[in-house]
Each structure stands twice: as C-alpha cells, then as structure tokens.
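The values are calculated or read from the model by the stated rules, or taken from the named source; none is laboratory data. All values reported here derive from a predicted model rather than from experimental measurement. Cβ atoms come from the backbone with ideal geometry, glycine included; neighbour counts cover every protein chain shown.
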Amino acid sequence: MEVTSALRLEINLDTLRNNLAALKKLTPARICAVVKADAYGHGTGVLAALTEADEFAVSSAGEALEISEITDKPINILSSPDKTVSAEYRANVFPSVSDIADLEFAAARGAKAVNIKADTGMSRYGAPLERLDVLLEAADKLGVKIKSAFSHVYHISEAERQFERFMTGIQPLKDYIPQKHILASNFAVLPEYMHLDMVRPGIALYGYGHESVKPIAKALCGVTLVRNVSESDNIGYGVFKSGRVRKIAVLGAGYADGVRRVIGNSPRYVSINGNMCPLIGQVCMDAAMADVSGLDVKAGDTAYVLCAEYNADSIATACGTISYEVLTGFGKRVKRYYVRD
C-alpha cells in the first residue's frame, strides 16, 4: 500500500459484494444501490463491487454525472433539482420532481423521464399526494415520461402509516406509474409486501443496520510519536491535566481527516496492536492522542480509528451522532484503498 495520506480508508470490495448478495436474498424487488455522498464516504471505487445492483441512486446532478461515467445502468437523483445547476441530464439519469417547476426545469435540461417524489409525512421533498395527478398531466404535456413514483420512510415506527398513505395516494394513478418504491435499507426488517418494485439500500450496503451485513471499511493512521507525561502535564488544547503518569501515543491524523473531535456519551477509542486505547484530551486538526500506558506501543505502529472492534456505530454512540455522519466525515485528505480478501 503506497501511503500518501495521514488517515487511510481500507475498503473491502469482497465484503461489499457479499453484503449486496445477502440483501438480494431478502427481497424479490429490484435493488437500487444508494451511492450518494461519495458512496457514504467510501468513494466511487465501490461501484466495482456493485455490478449486481439493478439501479443506482445519488443526491445531485453532479453526483449523477460522475456515476454515469462509470455505469450505464439507471441512475436516480433522489433530491429535487438544484436550479442553480445547468447540467444536461444524460439518457440514463432520472431526476426526481416534487412540483411543476421541478418538472419544467428537468424537461428543459433534457430529461426524458422522471421520478415523482410523494410526500408521505417527512415534509422535505415530495408533492402532496393530492397533487400527483397534476404532475402526471404536466409531464404528459411536456413529453416527459414517468419512470417511478416514490417516497421515503422517516422512521421505522411510521413505516406502515406512510406506506398506506403512499399506496392510497397513487392508487388512482397506478396505470400510469411503471415503478413504485418507498423503502431504503429498512426493507431488510420490514414485510415483503412493502418492498413494492424496488428497494434502495444505502447504509446496509456498507455494513450497518442488519445482521446479514458486515462493515466494509477500516480507517487507519500511524503512531508518529510516543512520550511519557507526568500527572501535572497538560495534554493537547484547552485544559486537560494528565492526572497521573501516562504513556501517550500521538496519532498522525485529526479532525480534518475525520477523527471526530466532539466529546459525547462515552470515551472514544482507537485500536493499536490489538488493544483498545482511549483517546485523551481534545482531538487536534492534524493529530490525536491516545493513552497507551502499560502497552508496547512505538512510533511507526498502526492505529485503527475504525475497525471491526470499534466500528462506525461505536464511534457514533461515543460522539452522540449516527453512523452515517461518521462514515461521510472522512474528507478528501483521506486516501481510499480498495482491497479484496
């Protein structure tokens, strides 16, 4: 592995391929692999392991353009169009529309077919259910076909209610809607009748949210320095007195790389030589410190910020956030390496 960045993501494409295969066994519906936000922080290199997906989903026209350079399978843009962006839609790219302004914008930029987004209670994107017929009529006048009608479940406890609203809303229009979908990764734990024509796994592809999948990424950096501190020494920014004699390892990556600075519900850890070592003091922009007292740790050893023993769920719990934010927090300074078993 050629090391060109302080923090590196090691992404296992075989594990990703296995995750997709496991999810396909859970549904008869088409699989739309969600690769927005740079494939949840894993990079577009993951598409090499997603050849068995039927379709893809992204969040913006820019992401669609990037993915369309890699695959000719259908690419669905899940968000409403950003009308400050004037890019033309390629033949395999299908924008989503929530109102007539969206539809007219998409048609003017070459969209031949669109996804109609229905609002079933999230109050984000989506047309009111009673306005779907108006959108279909407008699409017909503009010569734009309908690829699908879809919605999004905002909490699993509301899934049944949202599903019923969605199905009731599209019932009068079903003959004009070739494809229907409402579930994301949550399809894996919801009844099959709710899977409809397609499901849109995102976080589950990358190893979270279901027992049949495994995390595909590890994040690692080097130990750059090991030093001893006394009980009165300060560690890092702010006031953090050691409180006792410690041996600390300085890690060559910080919050600019994705090592989260926030202090949340419980201690944060890194794994060094198979030992879980707590981070101490504030994480810096380019460095972090770990307590390695009593351990055989030296400069040049590898520290795993993200690993099987301490995955994105563990970090999220410690920092009071969610695994999605942890995974997408590894920025452009972080080099992605794609490996196989």
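Being without any contact (Cβ under 8 Å) to a residue 60 or more places away in the chain and among the polar types (S, T, N, Q) holds for only one residue in Ser323, Ser293, and it is Ser293.
Can you report the number of residues in region 255-280 which are under 19 Å from Ser314 (Cα atoms), small (Gly, Ala, Ser) and in a loop (DSSP other than H, G, I, E, B)? Count: 4. Just one of the listed residues (Gly207, Gly169) is closer than 30 Å to Ala22 by Cα, surrounded by 21 or more Cβ atoms within 10 Å (Cβ to Cβ) and among the small types (Gly, Ala, Ser), and it is Gly207. Filtered by the rule that a residue be more than 23 Å from Ile31 (Cβ to Cβ) and either surrounded by fewer than 17 Cβ atoms within 10 Å (Cβ to Cβ) or out of contact with any strand residue (DSSP E or B) (no Cβ under 9 Å at 6 or more places or on another chain) (or both), region 58-99 gives Gly62, Asp82, Lys83, Thr84, Val85, Ser86, Ala87, Glu88.
Can you tell me which residue is farthest from Asp38 (Cα to Cα) among those in region 56-93 that are of a type in the set (Ser, Thr, Tyr) and in contact (Cβ under 8 Å) with a residue 12 or more places away in the chain? If we take residues in region 56-93 being of a type in the set (Ser, Thr, Tyr) and in contact (Cβ under 8 Å) with a residue 12 or more places away in the chain, then Ser86 is farthest from Asp38 (Cα to Cα).
Scanning region 138-159 for residues that are over 21 Å from Gly110 (Cβ atoms), surrounded by fewer than 16 Cβ atoms within 10 Å (Cβ to Cβ) and in contact (Cβ under 8 Å) with a residue 24 or more places away in the chain yields Tyr154, Ile156, Glu158. Of the residues making up region 179-210, just one is of a type in the set (Phe, Trp, Tyr), under 25 Å from Ala49 (Cβ atoms) and out of contact with any strand residue (DSSP E or B) (no Cβ under 9 Å at 6 or more places or on another chain), namely Tyr208.
For region 52-65, the criterion of being among the polar types (S, T, N, Q) and under 16 Å from the mean Cα position of the chain (by Cα) is met by at least one residue.
Would you mind stating whether Ala87 is of a type in the set (A, V, I, L, M), over 23 Å from Leu50 (Cα atoms) and at pLDDT 95 or above? Spelling it out, it is not the case that Ala87 is of a type in the set (A, V, I, L, M), over 23 Å from Leu50 (Cα atoms) and at pLDDT 95 or above.
The residues listed here are Gly274, Gly331, Gly252, Gly243; of these, the one that is surrounded by fewer than 18 Cβ atoms within 10 Å (Cβ to Cβ), out of contact with any Phe, Trp or Tyr (no Cβ under 8 Å at 6 or more places or on another chain) and touching a residue at least 24 places away in the same chain (Cβ under 8 Å) is Gly331.
Would you be able to tell me the number of residues in region 216-237 that are over 29 Å from Leu13 (Cα atoms), small (Gly, Ala, Ser) and within 33 Å of the chain's Cα centre (by Cα)? Total satisfying the criteria: 1. Are any of the residues in region 23-42 more than 14 Å from the chain's Cα centre (by Cα), hydrophobic (A, V, I, L, M, F, W, C) and either within 30 Å of Val223 (Cβ to Cβ) or part of a helix (DSSP H, G or I) (or both)? Yes: region 23-42 contains one or more residues that are more than 14 Å from the chain's Cα centre (by Cα), hydrophobic (A, V, I, L, M, F, W, C) and either within 30 Å of Val223 (Cβ to Cβ) or part of a helix (DSSP H, G or I) (or both).
If you go through region 105-131 and pick out every residue that is surrounded by 18 or more Cβ atoms within 10 Å (Cβ to Cβ), out of contact with any helix residue (DSSP H, G or I) (no Cβ under 6 Å at 6 or more places or on another chain) and among the polar types (S, T, N, Q), you end up with 1.
Number of residues in region 6-22 that are of a type in the set (S, T, N, Q) and not in a helix (DSSP H, G or I) equals 1. Within the option set Leu13, Leu9, Leu26, being touching a Gly at 6+ places or on another chain (Cβ under 9 Å), in contact (Cβ under 8 Å) with a residue 60 or more places away in the chain and either of a type outside the set (A, V, I, L, M) or surrounded by fewer than 21 Cβ atoms within 10 Å (Cβ to Cβ) (or both) holds for one residue only, Leu13. Filtered by the rule that a residue be in a loop (DSSP other than H, G, I, E, B) and closer than 26 Å to Thr4 by Cβ, region 310-341 gives Tyr310, Asn311, Gly329, Phe330, Gly331, Lys332, Arg333, Val334, Arg340, Asp341.
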